[in-house]
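The values are calculated or read from the model by the stated rules, or taken from the named source; none is laboratory data. Since the model is a prediction, treat every value here as computed from it, not as a measurement. Cβ: placed from backbone, ideal geometry, glycine included. Neighbour counts: every protein chain shown. Accessible surface is based on the protein model in full, side chains and every heavy atom, while ligands, DNA and RNA are left aside. Shrake-Rupley method; radii C 1.70, N 1.55, O 1.52, S 1.80 Å.
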Amino acid sequence: MRIFRLKNNKKRVAVIAILAIAASVIGVAIAAWTTGGSGSGQASAGSATAMTISAGTPSTSLYPTASADVAAAISNPNPYKVHVSSISLGAITVDGGHSGCNTATVTVTSPQDNSGAGWDVPAKVGAVNGSANVDLANAISMTNSANDSCQGATFTVALTATGASSN
């Protein structure tokens, strides 16, 4: 068996120095401190803003013994999409030029739900509110008892939407 010996002291010192440096680097790596932490963060929820509903342009006209559509536009000022599940129809008024119209002959079918599908109103983008046009099919009717003062009248129907945030 052969034992290797360093022939000169310079090599021996160099090897010992290298081993000492390597040992100290390993020692520093092993001796590194670790730490963790705990605490809390915070988030806050915004508040919903009411949608608005305005009159639209109906696609059908109302006359005695018939039904017609009620047209509206829903404006959503929220930064999220809203699903409107139903719209309730309420009080009926007639324009000032037709005040002699007997509005008791005009009725509404309420609530309306778009055949169960409801309506999706897009989210507000930048400064522009999301909007959706809705056509409440055959939601208003007139009986044969309507007087001549109702001819050419514009009927306004109070609408109330029920909705919730949506994906």
The stretch 29-136 - accessible surface per residue (Å², probe 1.4 Å): 62
Degrees separating the helix 9-31 axis from the principal Cα axis of the chain, which is the longest one: 30
Contact order normalised by residue count of the stretch 13-144, Cα under 8 Å, 6+ apart, percent: 30
Range in the chain, longest, excluding exposed chymotrypsin sites (Phe, Trp or Tyr not before Pro) [loop by DSSP; at most 13 other beta-carbon atoms within 10 Å]: 34-167
Note, ³J(HN,Hα) from phi for the stretch 35-44, Karplus 6.51, -1.76, 1.60, rounded to Hz, x at Gly and Pro: 8, x, x, 8, x, 8, x, 9, 9, 9
Relative contact order for the stretch 67-167, counting Cα pairs under 8 Å that sit 6 or more residues apart, in percent: 49
Within the accessible area of the stretch 26-167 (1.4 Å probe), percent carbon and sulfur: 52
Read-out Rg and Dmax of the Cα atoms in Å, derived from the coordinates shown; its label in [x] 38.9, 128; [y] 16.5, 57; [z] 16.0, 50: [x]
Among Thr109, Thr34, Thr49: highest mean-square fluctuation, GNM of the chain, C-alpha pairs under 10 Å: Thr34
Where Leu19, Leu89 fall by accessible area, highest first, once all protein chains stay in place (1.4 Å): Leu19, Leu89
222 nm mean residue ellipticity, helices alone, for the chain (DSSP H n ≥ 4; -39,500 (n - 2.57); rounded to 500): -5000 deg cm²/dmol
Cut-off 14 Å between beta-carbons: net charge of the residues surrounding His83, Lys and Arg +1, Asp and Glu -1: -1
